[in-house]
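One structure below.
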Amino acid sequence: MQRAQKAEIIEKLRAKADRAGIAVVTDFRGMTVEELTELRVKLRNAGVDYQVVKNTLARIAVKDGVHDILKDQLTENNAVAFGYDDPVVVAKVLVDYAKNSKKFAVKHASLGGKLIDADGVVELSKLPTKPELLARALGTMNAVPTNFVSLFANVIRGMLYALTAIKDKKEAA
């Protein structure tokens with residue numbers, strides 16, 4: 001590989017790493033091309049970049065960046081998943097895939113510059129995603145005015161029943 005090619009790869013990796021909120025390092029040893037392609041498709045559908053990296057080039061790319069903490073963790077065969085929007089989605093896809101594959105494993109991750117081990121990534125995958133959290137917040141915000149309207153409707157309904165009872169009593173007399 002030429003020096004210019006290496007420099008280009010480093011710059012592309014650095015750009016991805018600096019944009020990413022989470023970078024998850026995985027072990028893919030023994031996986032077939034079909035299995036790796038299947039994983040890449042799932043990650044791409046989730047808005048995640050997944051790239052097999054040379055450790056030396058990856059160390060240079062993450063050095064002095066957001067995910068600098070990973071540079072000492074890059075050993076053996078690695079691929080890195082860069083998540084840009086929702087770190088939980090990245091963790092969910094990778095952990096779900098790891099459950100079904102004996103060869104694939106999550107090693108560790110950098111979430112906003114903090115190192116997370118494989119168990120931490122599993123715990124992260126159990127959290128609700130951004131859309132789920134927004135739906136819950138919207139549901140809570142919608143419940144307040146709905147309950148307020150229902151409360152006043154019940155007061156008016158009770159008053160209407162009382163007036164109807166008075167009217168019926170006067171008509172009967």
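The values are calculated or read from the model by the stated rules, or taken from the named source; none is laboratory data. If you're wondering where the values come from, they're calculated on a predicted model, not measured in any experiment. All Cβ positions, even for glycine, are placed from backbone atoms using ideal geometry, and neighbour counts span all protein chains on display. Calculation scope for accessible area: heavy atoms of the full protein, side chains included, ligands and nucleic acids excluded. Shrake-Rupley method; radii C 1.70, N 1.55, O 1.52, S 1.80 Å.
For the reader, a short list of remarks on this structure follows.
- Since only A173, A91, F104 are under comparison, the one whose Cα sits farthest along the positive direction of the charge dipole of the chain, derived from C-beta charges on Lys, Arg, Asp and Glu, is A173.
- Projected label points at N55 and N147, each 7 Å from Cα along the beta carbon direction, are separated by 5.6 nanometres.
- Across the protein chains, with a 1.4 Å probe defining accessible surface, the residues F104, F148 rank F148, F104 from largest area downward.
- Listed values (1) 14.7, 45; (2) 27.3, 106; (3) 20.6, 62 include one computed from this model; for Rg and Dmax of the Cα atoms in Å that value carries the label (2).
- In this calculation the C-beta distance from Q5 to Y84 is compared with R0 = 25 Å, giving a FRET efficiency of 0.50.
- Extending 7 Å from the Cα toward the beta-carbon at both A105 and R19 defines two label points whose distance is 3.1 nm.
- Charge-dipole axis of the chain as Lys and Arg at +1 and Asp and Glu at -1 on Cβ define it, positive-most pick from M159, G30, A135: M159
- Along region 132-137 the Karplus relation, 6.51 cos²θ - 1.76 cosθ + 1.60 evaluated at θ = phi - 60°, assigns HN-Hα couplings of 5, 5, 5, 4, 5, 5 Hz to successive residues, with x for each Gly and Pro.
- Modelled FRET efficiency - R0 45 Å, T75 with L134, Cβ distances, 0.05 increments: 0.70
- Cα convex hull volume per residue for region 73-173 (Å³): 139 Å³
- Proximity of backbone amide H atoms, modeled 1.01 Å from N, is registered between A105 and D27 at under 5 Å, excluding neighbours fewer than 5 places apart on the same chain.
- A cut-off of 5 Å between modelled amide H atoms, ignoring neighbours fewer than 5 places along the same chain, links N78 with V53.
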